[in-house]
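**Student:** Handing you this structure, nothing more for now.
Every number here is computed from the coordinates shown, using simple stated rules; none is lab data. From a predicted model like this one, the values you see are computed outputs, not experimental measurements. Note that each Cβ is placed from the backbone with ideal geometry, even for glycine, and that neighbours are counted across all protein chains shown.
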Amino acid sequence: MNWKTTTLSACTLVLLASCAESPTGRSQLQLYSNSELNKMGAASYKEMREEEKINEDAEVNAYVRCISDALIENLPGDYSQMDWQVTVFAEPTVNAFALPGGYIGVYDGLIEVAENQHQLAAVIGHEIGHVIAEHSNERISSNMMVGLGLQLGGILASTQLDSNEAGLLMAALGVGAQVGILLPYSRTHESESDELGMEYMADAGFKLDQAPELWRNMQAASGGESPPELLSTHPNPQTRIKDLEALIPSLQERYEAARAAGNKPACVRPASVDSED
């Protein structure tokens, strides 16, 4: 395939791509259908359940399910009607995830760090935000387009430059793509999911001020260590805390309306979590 054919293929893909808009109004590139993403989510979830140890403690599972259900019941559109599956993994990892198709995973390590239902809701709501904003589709699509761009660069380098110059160009293209496109997209996704997660917390009646508190706990659990924000897929913890705190005033009325309507989650954190070593 010559460079003209490759260029035409790349342009055709862009033209055929679905131009979408995220819940916050941000333009998105999406090359995959919802059904394709849902199949990927189901396969990943199945694989994780098969490969990782699952926490079978009934109280812990009821706690996580209670928080998840309170959020799910107040999600926008059809997402509140989906049959979301929830699994607690018996791993010390301080993490959680949500996958396209309606799958949620929470790790023991996160349950220990999140001191109450509101803090755990902040993380689960954030992860659900990734699904509703279709960040997986956007990320895979952007990776595909970067790959095509690097392919074009390689063809140009091999035909127009000597071997040394070509190597330098391809190295520069690789770093430029990672720092200039893929990582910023990830940071954008994280910030957008923080905003969406706060909205879901407010609608479910969870206390908004506990979201920044959760990230203070996360920072303490990591020993205060984090990579430079420029080269991180996540916002710097202090930046994140500041941004979350700035969101609270705009969502306070929404939170109070939800509480007045009867959305008052009462998910009991198991005593066994605090007693664990």
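**Student:** Taking θ as phi - 60°, what are the ³J(HN,Hα) couplings along the stretch 94-104 by the Karplus curve (6.51, -1.76, 1.60), each to the nearest whole Hz, with x for Gly and Pro?
**Tutor:** 8, 7, 7, 8, 9, 10, x, x, x, 10, 10
**Student:** A further question follows. Taking the highest mean first, how do the peptides 101-108, 120-127, 216-223 order by number of other beta carbon atoms within 10 angstrom per residue?
**Tutor:** Numbers: 101-108: 22.6, 120-127: 26.1, 216-223: 13.9.
Answer by packing, highest mean first, reads 120-127, 101-108, 216-223.
**Student:** Using amide H atoms built in the peptide plane, which far-off residues or other-chain residues are under 5 Å from residue 89 H to H?
**Tutor:** Answer set, sorted by chain and number: 55, 106, 107, 108.
**Student:** If you don't mind, another one. Please list 111-118, 45-52, 205-212 highest first by mean number of surrounding beta-carbon atoms within 10 Å per residue.
**Tutor:** Numbers: 111-118: 19.6, 45-52: 12.8, 205-212: 22.1.
Most protected by this proxy first, the peptides run 205-212, 111-118, 45-52.
**Student:** Here's another thing I want to ask about it. Please report, in debye to the nearest 20, how large the charge dipole of the stretch 32-124 is about its Cα centre when each Lys and Arg carries +1 at its beta carbon and each Asp and Glu carries -1 there.
**Tutor:** Its charge dipole is roughly 260 debye.
**Student:** If you don't mind, there's one more thing I want to ask. Can you figure out the FRET efficiency of residue 83 with residue 116, using R₀ = 22 Å and their beta-carbon distance, to the nearest 0.05?
**Tutor:** 0.25
**Student:** Using a ≥ b ≥ c from the Cα gyration tensor of the stretch 25-143 (square roots of the eigenvalues), is it rounded, prolate or oblate, where a/c under 1.5 gives rounded and otherwise the larger of a/b and b/c decides, a/b for prolate?
**Tutor:** Note, shape of the stretch 25-143 comes out prolate.
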